[in-house]
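Asker: Dropping a structure here in structure tokens format, bear with me for questions.
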Amino acid sequence: MSKPAHHIFVCGSFRPTGAAGVCHKKESSRLLQHLSTEVQDRSFDDVMVSSTGCLNICDSGPVMVVYPEGIWYTYVDREDVDEIIDEHLIRGQVVKRLQI
């Protein structure tokens, strides 16, 4: 793969101590799976999706960061993920209501 147009990091919130954090408890792994599936199903060859450890803004979790823009999002459900894909990745518009 060449350099991706977007790289999305999703907080999995496992800390170095091995404790599961807030994002994990709020089922960020399900949202990560949905995001990964949507990226694959929509044939985004230039988008990478990665899980990450705690991003240290637990009160806003679950959290994802979209690079290269460096936009931080909170999201609640699958529809929010779909909106981020449609608006940010496809239309290039930040989803203000979900932005941290």
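Asker: Taking 2.2 N^0.38 Å as the expected size of a compact globular protein, what ratio does the Cα radius of gyration of the chain give against it, to two decimals? Numbers along the way, then the final one.
Answerer: Working: Rg = 12.8 Å, N = 100, 2.2 N^0.38 = 12.7 Å.
Working it through for the chain, the quotient is 1.01.
Asker: Need one number: nm distance between label points at residue 3 and residue 27, each 7 Å from Cα along Cα→Cβ, rounded to one decimal.
Answerer: 3.8 nm
Asker: Find the relative contact order for the chain and round it to a whole percent, using C-alpha pairs within less than 8 Å whose residues are 6+ positions apart.
Answerer: With pairs under 8 Å counted, the relative contact order is 32 percent.
Asker: To the nearest 20 Debye, how big is the dipole of the chain about its Cα centre, given +1 on the beta carbon of each Lys and Arg and -1 on that of each Asp and Glu?
Answerer: Numbers: 10 positive and 14 negative charges, 80 e Å.
Computed about the Cα centre, the dipole is about 380 debye.
Asker: What accessible area per residue comes out for the chain, rounded to a whole number of Å², with a 1.4 Å probe? Write down the numbers at each step before the final one.
Answerer: Details: 5730 Å² over 100 residues.
For the chain, the per-residue accessible area is 57 Å².
Asker: Sort by residue number and report every cysteine in the chain with no other cysteine beta carbon within a distance under 4.7 Å.
Answerer: Those would be 54, 58, since no other cysteine Cβ in the chain comes under 4.7 Å of theirs.
Asker: Right, here's the next one. Gain in length, residue 93 to residue 45, computed as 0.36 nm per residue apart minus the alpha-carbon separation, to one decimal in nm? Spell out each step's value before the answer.
Answerer: Numbers: separation 48, 0.36 × 48 = 17.28 nm, distance 1.96 nm.
Gain in length upon complete extension: 15.3 nm.
Asker: When ranked by the protection proxy of mean other Cβ atoms within 10 Å per residue, highest first, what sequence do the peptides 72-83, 36-47 form? Kindly include the intermediate steps, with their values, before the conclusion.
Answerer: Numbers: 72-83: 16.6, 36-47: 14.2.
Highest mean packing first, the order is 72-83, 36-47.
The values are calculated or read from the model by the stated rules, or taken from the named source; none is laboratory data. Because the structure is predicted, anything quoted here is derived from the model rather than measured. Here Cβ is always computed from backbone atoms with ideal geometry, including for glycine, and neighbour counts include all displayed protein chains. Heads up: the accessible areas ignore ligands, DNA and RNA and are worked out on the full protein's heavy atoms, side chains in. Shrake-Rupley method; radii C 1.70, N 1.55, O 1.52, S 1.80 Å.
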